[in-house]
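Remarks on the structure that follows.
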Amino acid sequence: MRYAETGFNLEVDLTRGNIERVETDPRDTELYLGGLGTNAKILWDRVPPEVEPFSPDNLLIFAAGLLCGTPATGCNRTIVSTISPQTRLMAFSMMGGFWAPELKYAGYDKVIFRGKSPNLVYLLINNDKVEIRDAAHLQGKGAIETAELIRQELNDPKVQVAAIGLAGENRINFASIEQGRSSASRGGIGAVMGDKRLKAIAVRGTKDINVARPAEFIELCKDVLNYIKFREENPIPGVIPILAVLGSPQEMKIHDEKWHTENFVWGNARLRRKDFWNDDIAKQWYDSMESFRKRFISCYNCPLECGATLAPPGQPTYMMKCFTKLTYSMGAMSDSLEFGLRIAQRATEYGVDGYSAPQVMAFALELLEAGILTEKDFPEMPDDNAHGSEERFYYLLDIIVRREGIGDVLANGTYWAAKEIGNGAEEYAHNNIKKIEQLPLKLGWLNPIYFLMYCTGAKVNITQIEGQFPQAPFPKREHREKFVKDWFQVPDDRFKQYFLDWEPRGENSMPYYPTVEMTCDIVDWMEKMHYIDDALGLCAGLSSFHLKPPYHIHNMPKFISAGAGIEMDEDKLSKAAKRYRTLVRAVNIRRGMRRKDEKPPEDHLKKRFPELEKELLDTYYKFKGWNNEGIPTKESLHELGLDYVSQDFIQRGILADGEEIPAKEALLEIEPA
Amino acid sequence: MTGNKKTKIIKNIKIDINKCNGCRACEMICSAFHAAPQYSGNNPARSRIRVIHYPLKDIYVPVYAGEYAEAECMGRDKYVIDGKEYDECAFCRASCPSRDLFKEPDSGLPLKCDMCEDHPDKEPLCVQWCYVDALTYEEREEEVDEEEVKLEDVEIGLESMVDKYGLEQVMDVVARMSQKE
Ligand code: SF4
Ligand code: SF4
Ligand code: SF4
């Protein structure tokens, strides 16, 4: 008997309309856990580097994490993996909500799509009954609208639906997959879904998910819940509001946006508005949120209710969480939150990434201002209004998602659009890492921890690698002493010492402290926790994203042992996480990614420290078992049982037998199809 | 019925639909607790509480499994909430032939909330796991008529099988099963 997982995947060939239920190998679960881990293995095995993102041979994998569907609180993530049309590397965006547990209850751990359907379809999974259904009537429908229409047509409100909107159908490079209150947004995975002509996946399941050692497992769950309660009653002092409490951040609840609006940059990630937040704005924003918000809502089996139902008068109701609250207002230089929440409704139905979309629009307006694009490129575009570029943003969103005129170019994201527009446009696509638009954050000073995370994070999104360790030193030693007192989540006490000695000024301050070695250690820990979450299906809002989270390296192995019946300890778990982290790296290396791609946006840091930056990367690569080009070495691959990767690397000339050879020219620069 | 009176503890779960966030932890823990062995399996479809939700209409109503109903209701009423009409069945507590709610997914046997009577804690589990207090527990004493002898669970189960398959077929199966023993 398989525990926690079902032991079965669905293989769907959309070209031929063929569906198979395939038993998986339990040894793969031991080695790669599940979710992201086993997704990476499948992509490595079955998607060679020649495969274009929009090729029928690209796979689109929807995976439920290993512990989804068990009583473990907040274990509800769907991990969607494919080759991204934006980065042309592996994308593994995730969504919370209800979809992954439902898939488990239907009897499957993953749905793996290959091929391309001749016409628009949706997949219906109802326990053992799985069928590909015509979706012609859903063409052009919004993502949320589609889910509702499918529920009505099946006459079952309990069906969980993940769908794309018009953006996915039109293969917008930053199209998302939406699922009620959650979305998998980064890397343009919605475009791959649209390319496969797959409008939605509807799931209903009524089977059991079993755990190996029930009494032990339920006690672990109760401990987590109790700790959540403790954290609720004891917010962490001295940090910004969203980091003080658990959740994925609590943007729907927290009204104080001083930190985001004054520290993040506006427009096309340009302008810092230092005195933006005042009483008037605070009141207006409070009123907008309070009048639109109907209810706080949670994901499956989690009390944290990070999302909200929003009902802007005169518009359809939708659901939101997190930072999308601010990105549209800030991108349009609008001081109105109401605008941001209204346009986000349309953007959610279209299904676009809330980080990339506003930046692409702001980028377009900058190009117009600079004369690189002209009025002729934007026929009938409205003027700015008193609040900023609000009307223009609606206009731009529409032409991008419909791929009309210049919208067809902008739809490829700032990096590819700039290349196509030329004429100096590249200078304006300035906030990207590995071709993806980043959080609009510009720093004056180098924080070595963040530097490494920006460079090397495979999800190419800072929030998906940071967490655990404070973002900055606390002002006084006594604050730090207090902080480390009940900091039992650290893998080792040395991390407490790193933090205790971290001073805002003087010898032990940034950028030279934490030292290069400490920085590597800290970044590795932070990253590891995210990778474990992504395999287990755990929400980062209860785990890797937070300081002092309820899930940590000491209880996670117990959850896996008691839940999945796989004997696990901290070392074995760390090694498993390292194994599939390395495999994600290997997929990308095979697709041409190298050291030259691992850098923060050019203007991210005001003051640069070239020698220190070089030393950081050199040391971290070594620490990770990668050579100086960032390629995992033969020895480190061997240690992880990944000899099949080094054999492939040697065959392709990526690694020479035993020594380093220069990187092969990257495939990454090929224009999108 | 005779009019013998006795005091009885009435266990009551109060439902505040404004507080419900739709997390379905109540469904999860109910199904886990009632699995055999306890907590070994998890399947909200077996839960004795279901959160009826229409998120876009902002409706979240936790409903407890009530009595087994042999036949579906004759007349149906309608609820109107915020100007939208809902069939009465939408919020009904019965395990009834007209739908699959509150039935074991494999056997079709009816499910009924038993207030977690096998659990040592006073407070039922769905209440304990509802962190936002949409579900709260109350007890009060009441004078009641001596209870009518209730059908045992087994009988209720059998009755529903008979409704579904006919008496003869059920008796055949029972006979066959007893031969196998
Ligand atoms: S913490 Fe928030 S985002 Fe995470 S599972 Fe819970 S409700 Fe969902
Ligand atoms: S546990 Fe509480 S909040 Fe969650 S669905 Fe049930 S009643 Fe609603
Ligand atoms: S009281 Fe117990 S049996 Fe009844 S619904 Fe709640 S958890 Fe289930």
Some residue of segment A:287-307 being more than 14 Å from chain B (Cβ to nearest Cβ), of a type in the set (F, W, Y), away from ligand 3 (no atom under 16 Å from the Cβ) and outside any helix (DSSP H, G or I)
no
Considering segment B:97-145, residues that are of a type in the set (S, T, Y) and within 16 Å of ligand 2 (Cβ to nearest atom), and then whichever is surrounded by the most Cβ atoms within 10 Å (Cβ to Cβ), we arrive at B:Y131
Pairing a residue in segment B:46-66 that is more than 8 Å from chain A (Cβ to nearest Cβ) and over 17 Å from A:L149 (Cα atoms) with any residue that is charged (D, E, K, R) and assigned to a strand (DSSP E or B), where Cβ atoms lie under 8 Å and the two sit 6 or more apart in sequence or on different chains, gives B:P62/B:R50; B:V63/B:R50; B:A65/B:R50
Scanning segment A:73-90 residue by residue, those closer than 21 Å to A:R181 by Cα and either part of a strand (DSSP E or B) or within 10 Å of another protein chain (Cβ to nearest Cβ) (or both) turn out to be A:T73, A:G74, A:C75, A:N76, A:T78, A:I79, A:V80, A:S81
Of those in segment B:24-34 that are more than 7 Å from chain A (Cβ to nearest Cβ) and farther than 19 Å from A:I297 by Cβ, the residue nearest to ligand 2 (Cβ to nearest atom) is B:C30
Selection from segment A:506-545 of residues of a type in the set (G, A, S) and touching a residue at least 60 places away in the same chain (Cβ under 8 Å) yields A:A535, A:G537, A:A540, A:G541, A:S543, A:S544
Practice task
For A:T317, state whether it is within 7 Å of chain B (Cβ to nearest Cβ) and within 16 Å of ligand 2 (Cβ to nearest atom).
Solution key: no
Of the residues in segment B:11-25, those that are within 12 Å of ligand 3 (Cβ to nearest atom), more than 18 Å from A:A72 (Cβ to Cβ) and among the aliphatic types (A, V, I, L, M) number 2
The residue that is farthest from B:S95 (Cα to Cα), considering only those in segment B:24-79 that are more than 16 Å from ligand 1 (Cβ to nearest atom) and basic (K, R), is B:K57
- Item | Residue check for A:L310: closer than 25 Å to A:G140 by Cβ, in contact with a Phe, Trp or Tyr (Cβ under 6 Å, 6 or more places away or on another chain) and within 12 Å of chain B (Cβ to nearest Cβ) | yes
Of A:I465, A:I449, A:I400, the only residue that is at pLDDT below 95, in contact with a helix residue (DSSP H, G or I) (Cβ under 6 Å, 6 or more places away or on another chain) and of a type outside the set (F, W, Y) is A:I465
Evaluate the following for A:K548: is it of a type in the set (K, R) and free of Cβ contacts under 8 Å to residues at least 40 places away in the same chain?
no
Expected output for segment B:125-137 (first residue touching a residue at least 12 places away in the same chain (Cβ under 8 Å) and more than 8 Å from chain A (Cβ to nearest Cβ), partner of a type in the set (S, T, Y) and near ligand 3 (Cβ under 9 Å from one of its atoms), Cβ below 6 Å, 6+ apart or cross-chain) is B:V127/B:Y137
When segment A:424-479 is checked residue by residue, the ones that are hydroxyl-bearing (S, T, Y) and more than 16 Å from A:N268 (Cα to Cα) are A:Y450, A:Y454, A:T456, A:T463
Turns out the strands (runs of 3 or more DSSP E) fully within segment B:1-74 with at least 3 residues that are of a type outside the set (V, I, T) and under 18 Å from B:E123 (Cα atoms) are B:5-15
A:M330 fails exactly one of (1) within 16 Å of ligand 1 (Cβ to nearest atom); (2) touching a strand residue (DSSP E or B) at 6+ places or on another chain (Cβ under 6 Å), namely (1)
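The values are calculated or read from the model by the stated rules, or taken from the named source; none is laboratory data. Fair warning: this is a prediction, and the values are worked out from it, not measured in the lab. Cβ atoms come from the backbone with ideal geometry, glycine included; neighbour counts cover every protein chain shown.
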